[in-house]
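Notes to accompany the following structure.
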Amino acid sequence: MKITIELWGQLKQVAGESCLSLELPEGATVQDAIRLLASQAVSLASSLVEEDGTCRPSNLVFVNDHQILLSDPLQDGNTITLMSPIAGG
Amino acid sequence: MLSKEQLNRYHRHLLLPEVGLDGQEKLLVARVLVVGLGGLGCPAALYLAAAGIGHLGLVDFDRVDESNLQRQVLYTDEDVGRIKVEAAAQRLVALNPDVQIEAFHERLTAENAERIFTHYDYVLDGTDTFASRYLVNDACVLFGKINVYGSLFRFEGQVSVFAHPAGPCYRCLFPVPPNPGEVPNCAEAGVLGVLPGQIGATQATEVLKLILGMGEPLVNRLLLFDSLAMEWRSMRVARNSACPVCGDLPTITGLVDYDEFCGNLMEPGGFVEMTAEEILQLMETRNDLLLLDVREEVETRAVPGLGKSTLIPLGQLPARLGELVAFRDKTIVAYCAAGIRSRKALEILDQNGFSKGINMTGGINRYHGNLQRERSRGK
């Protein structure tokens, strides 16, 4: 299935682009998508996953503009929005 | 009862049935605290004052710097060096004499938050560090205030309403802060000057809506703004019943050490930024600080340092670390002319096991510049 990834904040700046697409097997979860993205986009890896492979808890993750659990399954055509926290004022 | 002048001043509000006389009277007795008089706080405070918010509290420890003027629209060129809350209060009262201003020239801390928050119902978060974001949030939850949140990064912004009885708090969305130094602030990453205008004005809009009980406030929604795509997005968010501060079984029942929580002063590279004035204030209560001047000796002859400092020029620091071994457990306050070399010094120190550090923002030149301006104003 095809998943669209949107990046915000520092993640977008590091990646140099705001929109990416991923091909994932049926039944893949949000966490699977983030790990695959980390393996494909090396510049983002340390911002997305910890050394032990778990997803960084400081990032906000939405699917189709709704907050989700990392273990939630994805469906073809879903859009994942990944956002690093920001604090500027 | 509105005076004749007030009927005229607020005429455009009075025309709106959603505001009207009753609404304007609500605004005139409302109590709103603006924390941080920077990019967000300036436009927000301007619109809140113009709208006739009766009691406006302003919290900021800082002074106006030239680099603020690109976006902090309360200040003029002549205000450079002035205490922000004083310059802001003067401008806001000139805009609307109906507004009573309470100025807090201090850094919001776990120790003073209750005193500062106590007389206000709404808190507009215009701060600029993760530690202060968590502090504002927790104080709002614990003291029953509504947190109208906004933040910025380069060309992007976020707005939401947190700690409202019907929605999440900041910690529900961000249970864990990023690693220290991982996310650059505006001073490091830059920010489009007009962006805080859009985000700060949106925060002010939410405050007015909440006071007037009109429309749909940004409760359970996080609004995202991308100025390059010129796109607003509304994301659905929800309260986390396991949230440590607003959840069903809270574990945080009082304010904590937010620098420690965010890893500042403790983790590698996590040194904090403070102005010379704040450092002097800190030195009154802390005896574990070491002042380290990393300028060249010739510079210290032209511009004196701060108090009793140890002088080790940056270029000599790696070879002279041995002189600092006795201070490994102390907090090292590094400074130079402008605050750039001292950051490099703190990075070198951090790599060599000196993990507690404070960088003097703007350096010693800024401090002496402020002193000079105050003297020339006859203060």
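Restricting the stretch B:233-279 to residues that are assigned to a strand (DSSP E or B) and modelled with pLDDT of 95 or more, which is most open to solvent (accessible area, probe 1.4 Å)?
Restricting attention to the stretch B:233-279, the residues satisfying the condition of being assigned to a strand (DSSP E or B) are B:233-236, B:272-274.
Filter once more, so that each one left must be modelled with pLDDT of 95 or more: B:233-236.
Details: B:R233: 30, B:S234: 46, B:M235: 0, B:R236: 105 Å².
Filtering first and then ranking leaves B:R236.
Within the stretch A:69-89, can you find the residues that are touching a helix residue (DSSP H, G or I) at 6+ places or on another chain (Cβ under 6 Å) and either within 10 Å of chain B (Cβ to nearest Cβ) or open to solvent by 20 Å² or more (accessible area, probe 1.4 Å) (or both)?
Selection gives A:L70, A:D72, A:S84, A:A87, A:G88.
Residues to consider are B:N359, B:N370, B:N365; find the one that is assigned to a strand (DSSP E or B) and either within 24 Å of the chain's Cα centre (by Cα) or under 16 Å from B:T300 (Cα atoms) (or both). Give the derivation first.
Working: B:N370 fails: assigned to a strand (DSSP E or B); B:N365 fails: assigned to a strand (DSSP E or B).
It is B:N359.
Residue under question is B:A345, and the condition is that it be open to solvent by less than 10 Å² (accessible area, probe 1.4 Å) and more than 19 Å from B:L282 (Cα to Cα); does it hold? Quick ask: steps written out before the conclusion?
Values: open to solvent by less than 10 Å² (accessible area, probe 1.4 Å): yes; more than 19 Å from B:L282 (Cα to Cα): yes.
Answer is yes for this residue.
Kindly evaluate B:V99 against the criterion of being among the aliphatic types (A, V, I, L, M) and modelled with pLDDT of 95 or more. Steps first, answer last, please.
Working: among the aliphatic types (A, V, I, L, M): yes; modelled with pLDDT of 95 or more: yes.
Spelling it out, B:V99 is indeed among the aliphatic types (A, V, I, L, M) and modelled with pLDDT of 95 or more.
Run down A:E23, A:E17, A:E51, A:E6 and say which single residue is within 22 Å of B:G263 (Cβ to Cβ) and among the acidic types (D, E).
Working: A:E23 fails: within 22 Å of B:G263 (Cβ to Cβ); A:E17 fails: within 22 Å of B:G263 (Cβ to Cβ); A:E6 fails: within 22 Å of B:G263 (Cβ to Cβ).
Step by step, each of A:E23, A:E17, A:E51, A:E6 is checked, and only A:E51 is within 22 Å of B:G263 (Cβ to Cβ) and among the acidic types (D, E).
Would you be able to tell me the number of residues in the stretch B:94-138 that are among the aromatic types (F, W, Y) and under 17 Å from B:F261 (Cβ atoms)? Before you say what the answer is, go through the steps one by one.
Step one: filter the stretch B:94-138 for residues among the aromatic types (F, W, Y), giving B:104, B:117, B:120, B:122, B:130, B:134.
Among the residues that remain, those that are also under 17 Å from B:F261 (Cβ atoms) are: B:130, B:134.
Looking only at that region, the number is 2.
If you go through the stretch B:25-52, how many residues are of a type in the set (G, A, S) and more than 14 Å from chain A (Cβ to nearest Cβ)? Working first, answer last.
At the first step, the residues of the stretch B:25-52 found to be of a type in the set (G, A, S) are B:30, B:36, B:38-39, B:41, B:44-45, B:49-52.
Those still in the list that are more than 14 Å from chain A (Cβ to nearest Cβ) too: B:30, B:49-52.
Going through the stretch B:25-52 one residue at a time, the tally reaches 5.
Residue under question is A:S46, and the condition is that it be within 13 Å of the chain's Cα centre (by Cα) and under 30 Å from B:D60 (Cβ atoms); does it hold?
So A:S46 does not fit the description; no.
So, in the stretch B:298-334, how many residues would count as being part of a strand (DSSP E or B) and hydrophobic (A, V, I, L, M, F, W, C)?
Narrowing the stretch B:298-334 to residues part of a strand (DSSP E or B): B:310-311, B:331-334.
Checking which are hydrophobic (A, V, I, L, M, F, W, C) leaves us with B:311, B:332-334.
Number of matching residues: 4.
Among the residues of the stretch B:280-302, is any surrounded by fewer than 18 Cβ atoms within 10 Å (Cβ to Cβ), of a type in the set (S, T, Y) and at pLDDT below 90?
yes
Mind listing just one residue for me: the one in the stretch B:187-232 that is of a type in the set (G, A, S), assigned to a loop (DSSP other than H, G, I, E, B) and under 20 Å from A:A87 (Cα atoms) and, of those, nearest to the other protein chains (Cβ to nearest Cβ)? Give the steps one after another, and end with the answer.
Kept after step one, since they are of a type in the set (G, A, S), are these residues of the stretch B:187-232: B:187, B:189-190, B:193, B:197, B:200-201, B:204, B:213, B:215, B:227, B:229.
Now drop any that are not assigned to a loop (DSSP other than H, G, I, E, B), which leaves B:190, B:193, B:213, B:215, B:227, B:229.
Next cut, under 20 Å from A:A87 (Cα atoms) only: B:190, B:193, B:227.
On the way: B:G190: 10, B:G193: 13, B:S227: 12 Å.
Step by step, filter the stretch B:187-232, then rank; the result is B:G190.
Is one or more of the residues making up the stretch B:223-231 in the same structural domain as B:E18 (by TED's automatic domain parsing), out of contact with any Asp or Glu (no Cβ under 6 Å at 6 or more places or on another chain), open to solvent by less than 70 Å² (accessible area, probe 1.4 Å) and under 30 Å from B:E25 (Cβ atoms)?
Within the stretch B:223-231 (the criterion being in the same structural domain as B:E18 (by TED's automatic domain parsing), out of contact with any Asp or Glu (no Cβ under 6 Å at 6 or more places or on another chain), open to solvent by less than 70 Å² (accessible area, probe 1.4 Å) and under 30 Å from B:E25 (Cβ atoms)), the answer is yes, since at least one residue qualifies.
Quick check on B:S151: is it closer than 22 Å to B:C42 by Cα, touching a helix residue (DSSP H, G or I) at 6+ places or on another chain (Cβ under 8 Å), open to solvent by 10 Å² or more (accessible area, probe 1.4 Å) and at the interface with chain A (Cβ under 10 Å from one of its Cβ atoms)?
Values: closer than 22 Å to B:C42 by Cα: yes; touching a helix residue (DSSP H, G or I) at 6+ places or on another chain (Cβ under 8 Å): yes; open to solvent by 10 Å² or more (accessible area, probe 1.4 Å): no; at the interface with chain A (Cβ under 10 Å from one of its Cβ atoms): yes.
No: the conditions fail for B:S151.
Hey, can you tell me all the residues within the stretch B:52-73 that are more than 15 Å from the chain's Cα centre (by Cα) and open to solvent by less than 10 Å² (accessible area, probe 1.4 Å)? Steps first, please.
Step one: of the stretch B:52-73, the residues more than 15 Å from the chain's Cα centre (by Cα) are B:52-56, B:66-67, B:69-70, B:73.
Scanning the stretch B:52-73 gives B:G52, B:I53, B:G54, B:L56.
Do we find a residue being within 14 Å of chain A (Cβ to nearest Cβ), in contact (Cβ under 8 Å) with a residue 24 or more places away in the chain and either small (G, A, S) or touching a Phe, Trp or Tyr at 6+ places or on another chain (Cβ under 9 Å) (or both) anywhere in the stretch B:243-258? If you could, list the steps in order and put the result at the bottom.
So the first thing to find is which residues in the stretch B:243-258 are within 14 Å of chain A (Cβ to nearest Cβ), and the list is B:243-244, B:258.
With in contact (Cβ under 8 Å) with a residue 24 or more places away in the chain added as a condition, the list becomes B:243-244, B:258.
Going one step further and asking which of them are either small (G, A, S) or touching a Phe, Trp or Tyr at 6+ places or on another chain (Cβ under 9 Å) (or both), we end up with B:258.
Yes, because at least one residue in the stretch B:243-258 is within 14 Å of chain A (Cβ to nearest Cβ), in contact (Cβ under 8 Å) with a residue 24 or more places away in the chain and either small (G, A, S) or touching a Phe, Trp or Tyr at 6+ places or on another chain (Cβ under 9 Å) (or both).
The values are calculated or read from the model by the stated rules, or taken from the named source; none is laboratory data. Given the structure is predicted, the values throughout are model-derived calculations rather than measurements. We place every Cβ from the backbone using ideal geometry, glycine too, and count neighbours over all the protein chains shown. Ligands, DNA and RNA are stripped out before the accessible areas are found, and what is left, the full protein with its side chains, is counted by its heavy atoms. Shrake-Rupley method; radii C 1.70, N 1.55, O 1.52, S 1.80 Å.
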